[in-house]
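What follows is a single structure, written as structure tokens, with notes after it.
The values are calculated or read from the model by the stated rules, or taken from the named source; none is laboratory data. This one's a predicted model, so the numbers in the text were calculated from it and none came from an experiment. Glycine gets a Cβ as well: all are built from the backbone with ideal geometry, and neighbour counts include every protein chain shown.
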Amino acid sequence: MVNVLFVCLGNICRSPMAEAVFKHLIQNEKLEQYIQVDSAATSGWHIGNPPHKGTIAKLKEYNISTKGMAGRQLKEEDFEEFDYIVGMDENNIRDIRKMLGQPNHPKIIRFLDLTIHKKDVPDPYFTGDFQETYDLVIEGCEALLNKVKSDHKELLQS
């Protein structure tokens with residue numbers, strides 16, 4: 001099993017959007033028995049809360065479910081459980097490395113570094129632009145899924 005964790009500041013906008021989109025892509029490719037996905041926050045502000053209403057509305061436009069999703073905070077055990085820990089921006093990456101005590105571990109990656117953009121995913125909590133975030137999340141999730149499939153060919157072909 002390959003485990004993927006998306007991380008942002010509050011776990012109500014970007015990381016749950018990425019979690020839902022990634023799950024949707026995995027289901028479309030019938031890979032859900034091989035890949036598990038979750039999301040978390042570097043802060044504890046929204047623990048137990050559902051995704052932001054803007055995230056829910058944007059994903060609903062594309063028939064992507066957020067059912068059962070609730071905010072949680074990143075914990076030390078996540079470093080052992082997850083194969084990919086994907087931060088949405090450079091601040092998230094810094095905080096992940098500090099929280100997990102793993103400053104340069106290759107499993108910690110900035111989401112859009114997998115795309116041509118090589119930049120942070122803007123936080124729609126502050127920008128209000130959930131469409132821009134969604135467009136970048138789609139691109140990032142497709143790139144990440146390609147990486148996971150390439151990195152784990154033997155598992156996914158069994």
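Only a single criterion out of (1) over 17 Å from ASP135 (Cα atoms); (2) part of a loop (DSSP other than H, G, I, E, B) is not satisfied by ASN63, namely (1).
Would you kindly identify the helices (runs of 4 or more DSSP H) lying entirely within region 86-158 that contain at least 2 residues that are at pLDDT 95 or above? Write out each step before concluding.
Numbers: elements: 90-100, 124-127, 130-151, 153-156.
Those helices (runs of 4 or more DSSP H) span 90-100, 124-127, 130-151.
Determine whether ASP129 is of a type outside the set (A, V, I, L, M), under 18 Å from ASP151 (Cβ atoms) and surrounded by fewer than 20 Cβ atoms within 10 Å (Cβ to Cβ). The answer is no for ASP129. Of all positions in region 43-55, at least one carries a residue that is part of a helix (DSSP H, G or I), among the polar types (S, T, N, Q) and more than 14 Å from VAL7 (Cα to Cα).
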